[in-house]
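These notes are about the structure you will find just below.
The values are calculated or read from the model by the stated rules, or taken from the named source; none is laboratory data. Just so we're clear, the structure is a prediction, and the values are computed from it rather than from any experiment. Don't worry about glycine lacking a Cβ; one is built from the backbone with ideal geometry, like all the others, and counts go over all protein chains shown. We work out accessible area using only protein heavy atoms, side chains counted, and drop any ligands, DNA or RNA first. Shrake-Rupley method; radii C 1.70, N 1.55, O 1.52, S 1.80 Å.
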Amino acid sequence: MKQTVVYPGSFDPVTNGHLDIIKRAAQIFDQVIVAVFKNPQKTPLFSMEERVELLKKATEDMDNVFIDSFTGLTIDYVKSKKAIAIIRGLRAISDFEGEFQMALLNKELSEDVETIFFMTDIRYTYLSSSVVKEVAQFGGNIDHLVPEAVKKALEKKYFPG
Ligand code: PNS
């Protein structure tokens with residue numbers, strides 16, 4: 001049976017740090033579903049459609065990576081896809097507490113779904129969608145932080161016309 005994993009997140013927008021995790025997961029598992037969470041309590045910079053589109057572009061050369069979106073509980077989505085695990089990235093110790101809580105909660109909700117953590121590549125330890133947006137907003141250089149399409153999309157948001 002094919003081993004499918006789900007990498008859930010906000011991806012507002014996708015960064016090179018996310019892409020590194022996606023690539024590494026895709027080398028280990030048969031299928032990686034990158035699932036963009038629609039959070040009714042947050043107003044993202046990029047719409048759901050934009051986030052999905054940017055992820056599709058950034059992963060177009062990865063044959064076993066699929067982009068989707070969901071709302072509701074991650075664990076319900078994961079089970080609906082018959083996935084064996086949730087993938088998450090860990091950058092620094094500060095990530096650990098929240099991720100630990102989320103992993104334990106998801107385990108409580110469904111014992112047969114594991115959470116598997118990928119340690120960030122050292123190059124992306126400081127990288128997050130939030131810092132990328134902050135740098136882009138003030139015209140800083142984000143060339144090495146995000147794929148080209150994301151860079152263009154950020155420029156369009158912050159410096160239209
Ligand atoms: O990229 P993010 O914002 O760190 O991703 C967080 C996400 C979307 C994975 C998390 O908030 C989540 O799983 N939300 C869906 C609702 C849910 O299942 N909550 C219970 C686990 S915290």
Whole Å is fine, so just give me how far the alpha carbon centre of region 26-62 lies from that of region 106-130.
15
Please give the length that would be gained between Y158 and E99 if that part of the chain were fully extended, namely 0.36 nm times their separation in residues minus their C-alpha to C-alpha distance (nm, one decimal).
18.1 nm
Region 4-125: relative contact order as a whole-number percent, Cα under 8 Å and 6+ apart:
31
Using label points projected 7 Å from each Cα along Cα→Cβ, tell me how many nm separate D30 and F117, to one decimal.
2.8
Can you tell me the accessible area per residue over the chain, all protein chains present, probe 1.4 angstrom, in square angstrom?
59
Stokes-Einstein at 10 °C, 1.306 mPa s, Kirkwood radius from Cα pairs: D for region 4-125 in µm² s⁻¹?
109
Backbone HN-Hα couplings from phi across region 148-161 [Karplus 6.51/-1.76/1.60, Hz, Gly and Pro as x]
3, 5, 5, 4, 5, 5, 5, 4, 5, 5, 8, 10, x, x
Convert each backbone phi in region 101-106 into a coupling constant with the Karplus relation 6.51 cos²θ - 1.76 cosθ + 1.60 (shift: θ = phi - 60°), then list the ³J(HN,Hα) values in order as whole Hz, x for Gly and Pro.
4, 5, 5, 5, 4, 5
Under 5 Å from the placed amide H of F118, counting only residues 5+ away or on other chains, we find R88, G89, L90
